[in-house]
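Q: Mind having a look at this structure? Questions to follow.
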Amino acid sequence: MSDSTLTALVNECDARTCELLGGLYALLSNAFTFPNAAWFETFRRESCWEAVRVRAADADAALAARVTGTERRLRRIRSEKGDAGALSALQDDYARLFSHAVRGSCPPYELEYGRRDILQQSPQLADIGGFYAAFGLSQEDSARERLDHVSVECDFLARLSCLEAEAAVADDAERAQVVADAHHAFLADHLGRWAPAFARQVDDADPDGFFGGVAKILAATIETDAGRRGLSLGPTYLPLCHEDSEATGEFECGVDSGDEGRERFVSLGIEKKR
């Protein structure tokens, strides 16, 4: 086998793995948003699950089982309650688990996990915003939620996974390395640090429900992603920050002031190669 053929096979394998991760992170990003009518219409369709399920089956049987199991949970809820009743029940579950108004049992925000004082919150959001800005994502792209919301962080890693897949297919080693380095850093410093604890909390609070199933997919996805990058994930338990020190949700320290976070990528040329 020639070196060029071997390289092509390796790139094809890398691209398939990145496409799987991109699909999983995109599914997770959507699943962790509030279930309105459009959300429900998306997730009730088999096509929403099929591509991810098929790719997962080729790569990891246990991961595929979690995807299938979560789809079945939604199907069961619809069968028991009808579509209108299922949507209402899912909205109630979302509010119980993640709500702002009545503090949910499972805060979906990075800054809620691990003890830190309020002075640490602005630099943390700025670092997250710096990652987003380095890849051309504006504040408006994540305006639906705070920058540290699990759905926004999953959306970012979905985008990076797709960029990695594109670079692998194009045999652009330099570009692939730049994106992989950013993905590695964001997973290590952000989602991979707190999501294991978040996923455990959701699974414990909703053991037989749809969002508990989504949490299982999240845990398996970041474990797969971290494993291929040689990363250790954060613990499955982290103390929650006190409610009084909750971030305000104002984004003056987010994307637009993410210069410190952005600087770590400028030397790699990310902003020039968006």
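The values are calculated or read from the model by the stated rules, or taken from the named source; none is laboratory data. All figures in this text were calculated on a predicted structure; none of them were measured in a lab. For neighbour counting, all protein chains shown are included, and Cβ atoms are generated from backbone atoms with ideal geometry for every residue, glycine included.
Q: Condition check: more than 20 Å from R75 (Cβ to Cβ) and among the hydroxyl-bearing types (S, T, Y). Does S29 satisfy that? Before the answer, list the steps.
A: Working: more than 20 Å from R75 (Cβ to Cβ): yes; among the hydroxyl-bearing types (S, T, Y): yes.
Yes; evaluated as a whole, the condition is true for this residue.
Q: Quick check on my filter: what residues within the stretch 44-97 are part of a helix (DSSP H, G or I), acidic (D, E) and either touching an Asp or Glu at 6+ places or on another chain (Cβ under 9 Å) or within 18 Å of R16 (Cα to Cα) (or both)?
A: E46, E50, D58, E71, D93
Q: Among all residue pairs at least 6 apart or on different chains, which show Cβ distances below 9 Å where the first residue, located in the stretch 36-63, is surrounded by 18 or more Cβ atoms within 10 Å (Cβ to Cβ) and the second is at pLDDT 90 or above and not in a helix (DSSP H, G or I)?
A: Pairs that qualify, where the first residue is surrounded by 18 or more Cβ atoms within 10 Å (Cβ to Cβ) and the partner is at pLDDT 90 or above and not in a helix (DSSP H, G or I), are F43/P35.
Q: Can I ask one more? Being buried (at least 21 other Cβ atoms within 10 Å of the Cβ), more than 13 Å from the chain's Cα centre (by Cα) and either small (G, A, S) or in a helix (DSSP H, G or I) (or both) is the requirement here; does A185 meet it?
A: Judged against the criteria, A185 is not a match.
Q: Ok, one more. When you check V214 against the structure, is it under 12 Å from the mean Cα position of the chain (by Cα) and crowded, with 21+ Cβ neighbours inside 10 Å, yes or no?
A: Judged against the criteria, V214 is a match.
Q: Look through A31, A51 and report the one residue that is of a type in the set (A, V, I, L, M, F, W, C), closer than 24 Å to L87 by Cβ and at pLDDT 95 or above.
A: Answer to the selection: A31.
Q: Something else now. Which one is farthest from D60 (Cα to Cα) among residues in the stretch 200-211 that are in contact (Cβ under 8 Å) with a residue 24 or more places away in the chain and assigned to a helix (DSSP H, G or I)?
A: A205
Q: Right, another one. I'm trying to understand the selection: among the residues of the stretch 152-180, which are closer than 17 Å to G130 by Cα and not hydrophobic (A, V, I, L, M, F, W, C)?
A: Of everything in the stretch 152-180, those that are closer than 17 Å to G130 by Cα and not hydrophobic (A, V, I, L, M, F, W, C) turn out to be E153, D155, R159.
Q: Let me ask another. Is it the case that some residue within the stretch 72-79 is within 23 Å of H149 (Cα to Cα), among the β-branched types (V, I, T) and modelled with pLDDT of 95 or more?
A: Scanning the stretch 72-79 turns up no residue that is within 23 Å of H149 (Cα to Cα), among the β-branched types (V, I, T) and modelled with pLDDT of 95 or more.
Q: A further question on this structure: So which of L147, L163, L157 is buried (at least 20 other Cβ atoms within 10 Å of the Cβ), in contact (Cβ under 8 Å) with a residue 60 or more places away in the chain and not in a loop (DSSP other than H, G, I, E, B)?
A: Matching residue, one of L147, L163, L157: L157.
Q: Please find, within the stretch 125-142, the residue that is surrounded by the fewest Cβ atoms within 10 Å (Cβ to Cβ) out of those that are part of a helix (DSSP H, G or I) and modelled with pLDDT under 90.
A: Checking each candidate, the answer is E140.
Q: Any residue at all in the stretch 14-25 that's at pLDDT 95 or above, part of a helix (DSSP H, G or I) and over 20 Å from the mean Cα position of the chain (by Cα)?
A: Within the stretch 14-25 (the criterion being at pLDDT 95 or above, part of a helix (DSSP H, G or I) and over 20 Å from the mean Cα position of the chain (by Cα)), the answer is no, since none of the residues qualifies.
Q: Among the residues of the stretch 100-120, write down those that are at pLDDT below 75 and outside any loop (DSSP other than H, G, I, E, B).
A: Scanning the stretch 100-120 gives I118, L119, Q120.
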